[in-house]
Amino acid sequence: MHGFYKWIKDKAGGLLKSTAKSFIPQWDYSSKERGPENWAQLCHDFCTAENTGYQSPIHLAMKKSSTLDKNLVEFSYTQEIFRKSYYNHTLQLESTGFKNTLVVDGSTYRLHNIHYHIPSEHHINNQQSQLEFHLVHRNAQDEIVVVGVLFNVEAVEEDVLKNHSSADSQWYESKKHVALNPAMLLPDKKSYFHYQGSLTTPPTRGNVKWFVFSDSLNITQKHFQKLKNHLSDSFNNRPLQELNGRTVWYHS
Ligand SMILES: [Zn+2]
């Protein structure tokens, strides 16, 4: 091969390789071609991830769960400043100091981001909620724990997302940041479902430890609408996935 064309070919090969590595195809929630039914067809990575078999979200039912006597998760949450960013079709609150952690099975996981889905992705006892927050944690081995909390819109005087006037209060929002203690997003009663699942946005990689609280929280219509306005579509929930013989645990 002529030197010049060989150079072009090598260069193109290199470019293709480097693009292929970081290439994430466009996906969404509502279109026929790029919606959840077709995520696995969009690229090799998405396909491999979905074929792990243990996918999320799932329907969680107390009656069908196995009792978990021992508590598996210890939270260590505190006030922290989170940076707002937009990806995966929703508003994400990125940790700036990794001050929030939890411990599962002796391993410490740091809280990386908080985001939400409308309506909820998990269903509990045949009920879907209007909103679900996800708190995504990673440990040193890059293993993932996601904590899910469901919210319903209720006419309450005050809700957890009320904007306070200073950063040492519970929720303080500026244009680019939100200061909050993630503990405010957890219900008082710490009963939860626990199971092995996946991320719910592509690539929906598996081996994610899920903890979804059975008690939901309330949010006012005003704050719900504010969160909804950040979405790039009218909804961003992945449909329910098959259980495929998994055990779902319930800790009361
Ligand atoms: Zn999520």
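Its residue count N fixes a reference of 2.2 N^0.38 Å for the chain, and the Cα radius of gyration divided by that reference is 1.12. Spin-label model, F98 to K228: label points 7 Å out along the Cα-to-beta-carbon direction sit 3.7 nm apart. Length gained on full extension, K64 to A155, computed as 0.36 nm times the residue gap minus the Cα-Cα distance: 29.6 nm. Below 12 angstrom from the Cβ of N71, what's the summed charge of the other residues (Lys, Arg +1; Asp, Glu -1)? Net local charge, N71 excluded: -1. For the listed residue pairs K175/K209; K70/K176; K64/K176; K190/K226; K189/K209, the alpha carbons are over 31 angstrom apart in K175/K209; K70/K176; K64/K176.
Using Cβ point charges alone (K and R +1, D and E -1), the dipole size of the chain about the Cα centre works out to roughly 800 debye. Estimated from helices alone, the mean residue ellipticity of the chain at 222 nm is -4500 deg cm²/dmol (sum of -39500 (n - 2.57) over DSSP H runs with n ≥ 4, per residue). Taking the Cβ of L42 as the center, what net charge do the other residues with Cβ under 13 Å away carry, scoring Lys and Arg +1 and Asp and Glu -1? Neighbourhood net charge equals -3. With both partners inside the range 3-251, how many of the DSSP beta bridges are antiparallel, as a percent to the nearest 5? Percent antiparallel among DSSP bridges in the range 3-251 is about 80.
The range 34-97 and the range 189-235 have Cα centres spaced 8 Å apart.
Every read-out reported here was derived from the displayed coordinates using simple, explicitly stated rules and does not represent laboratory data. This one's a predicted model, so the numbers in the text were calculated from it and none came from an experiment. As a convention, Cβ positions derive from the backbone with ideal geometry for all residues, glycine included, and neighbour counts pool all protein chains shown.
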